[in-house]
Structures are given as structure tokens and as C-alpha cells.
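Every number here is computed from the coordinates shown, using simple stated rules; none is lab data. Everything numeric here is computed off the predicted structure, so don't read it as measured data. Note that each Cβ is placed from the backbone with ideal geometry, even for glycine, and that neighbours are counted across all protein chains shown.
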Amino acid sequence: MKIIISSLLFAVVISPNIVGQSKLNNQVDSVSYLIGQTIATNVMRDLSEANKALVIQGLSDALNNQTPLCSDPGNAVLSAYFQKKSLEKAAAAEKENLVFKEAGEVFLAENRKDKDVKVTASGLQYKVLRAGDGNKPVATSKVKVHYAGTLPTGETFDSSYDRGEPIEFGLNQVIPGWTEGLQLMSVGSKFKFFIPQELAYGANPQPGGIIKPYMALVFEVELLGFTNE
């Protein structure tokens, strides 16, 4: 939790005489009230289970130089509590994320039953939709592709087709499933890749996106060209 109280105490004084004041008479009053609002917002964001009465008492005791009910030299108590809370939150999130991992494993196990699906040593699955001919890129090539990416459920999360233009990138700058898979393709070919989570984004997809931790991903990729630089 962001402990901002100590740096702001000089700006506002809580005392029984002003608790419940409903009018803001000047700029200092406004700033003082907003500081209180900020402290409350931070407390409720990071400690929704807080005892509000004791939060108010702690503020009042500190601001009015009263004997504290307890002390915490070096913030040891606060640090221990929030570290424990953070670990519990991370463990809960990990448990939720394992649902996506298990779903991906079931999806890939079922998918590999398709006679047209091939599986590499790494676990990458692919299907040849259209065969090309000629040379294939290497891990350091710059490739030009059209692609569509979907979740195992079929929901599209990205598509160069929808944007109306292909994309170019270094083959060593993308997820391992792409780096490996594109090296199997000749120019003009179109493959469908079924990528295990460990060859995709694993536990760390882009925050806020629809790709969740440990999700398997599906891509249709068309190799339009490549250069070796």
C-alpha cells in the first residue's frame, strides 16, 4: 500500500472540533479535504478489509500528537502484512489461471487426433492448408506474413487480414511457436498453427488483453516473403 500519510500530515489537522465540517471555506480547506479523500481511496484500494474507525483514530492520534495504540518502526508490521496479502493474491490468481492451462492441454490433446495435424518435438502442432515451394526462412530472417490469431474457443484476438495489410518482423522477435513454425514454411504456403502456452506467452501475456496466462493459441499464417539480413 502506498503510505502517503506521513508526507501529508502537515497539511491537515483532524480534531473533534472539525470532524463533520461540511463547508469548504478556502483553498486550504479544499486541499485538506482532498488529501483525506486520497488517503481513503488508497486505504480502500489496498486494504478493503480495513477497520475504518481505527484508520480514522490512527490519523487523529498522529495529527494531534496523541500516544499511539501501537507503533511500527521501519514499517515491519505493514510490510509483513502486505507481503503476505500479495502472496495470497498471487496464489489465488495462479489457481484461476491454471484453468486456462488445463483447457489448453485438453484442446491440444484432442486436436492432435486430427490425421492432418503434425506435431514437432517441441509440441508445436500444425496443419498445412496450402503448400508453397522454394526456400524457407531461418530464425534470423525478416518475414512478411498475413495472419489471423484466435483463442482455442475460436474468438479472434488479432488479424492482419482485418487491418487490410500484411506485417513484417524479424522471426527472432516473436513468440517461440512462430519462430519455429515459420521456418517450416515456403513462400506462398499457408499453415495453421496450434501453439502450446509454453511456446506462446506462457504466464505473461499482455496485461488487459483477452489472451489469458497459460492459454494455447491458434494462428493461420500465410508466408508472403522473407529476406535474410
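Brief remarks on what is shown
- When the Cα positions of Ser189, Phe100, Gly164 are compared along the charge dipole of segment 93-227, Ser189 comes out farthest toward the positive end, with charges on each C-beta of Lys, Arg, Asp and Glu.
- Helix 52-63 and the longest principal axis of the Cα set of the chain meet at an angle near 60°.
- A Gaussian network model of the chain, with springs between Cα atoms under 10 Å, assigns the largest mean-square fluctuation among Lys52, Lys212, Lys113 to Lys52.
- About the Cα centre, charge dipole magnitude for segment 47-156 (Lys/Arg +1, Asp/Glu -1 at Cβ), debye: 700
- In the elastic network of the chain, a GNM with C-alpha springs shorter than 10 Å, the most mobile of Ser160, Ser32, Ser141 is Ser32.
- Annotation: amide H of Leu217 within the under-5 Å range of Ile195, sequence separation 5 or more or interchain, hydrogens built in the peptide plane.
- Amide H to amide H, with H built 1.01 Å from N, Leu47 comes under 5 Å of no residue 5 or more places away or on another chain.
- Per-pair calculated FRET efficiency, R0 = 25 Å: Thr156 and Lys89 via Cβ, rounded to 0.05: 0.20
- Hits among lysines - C-alpha to C-alpha of Lys84 under 26 Å, sequence gap 8 or more where chains match: Lys2, Lys52, Lys95, Lys101, Lys212
- Rounded to 10°, Cα long-axis angle of helix 76-111 versus longest principal axis of the chain: 20
- Cross-link partners of Lys85 among aspartates and glutamates, defined as those whose alpha carbon lies under 17 angstrom from its own and excluding same-chain residues fewer than eight positions apart: Asp46, Glu49, Glu94, Glu96.
- Proximal lysine pairs, segment 106-163, alpha carbons under 16 Å, eight or more residues apart or interchain: 4
- Sequence-distant aspartates and glutamates (8 or more away, or on other chains) whose Cα lies within less than 19 Å of Lys190: Asp114, Asp116, Asp133, Asp158, Asp162, Glu165, Glu168, Glu180, Glu220, Glu222
- Only DSSP H runs of four or more residues enter the estimate; each adds -39500 (n - 2.57), and after division by the residues of the chain the mean residue ellipticity at 222 nm equals -11500 deg cm²/dmol.
- Segment 165-229 and segment 63-102 have their alpha-carbon centroids 38 Å apart.
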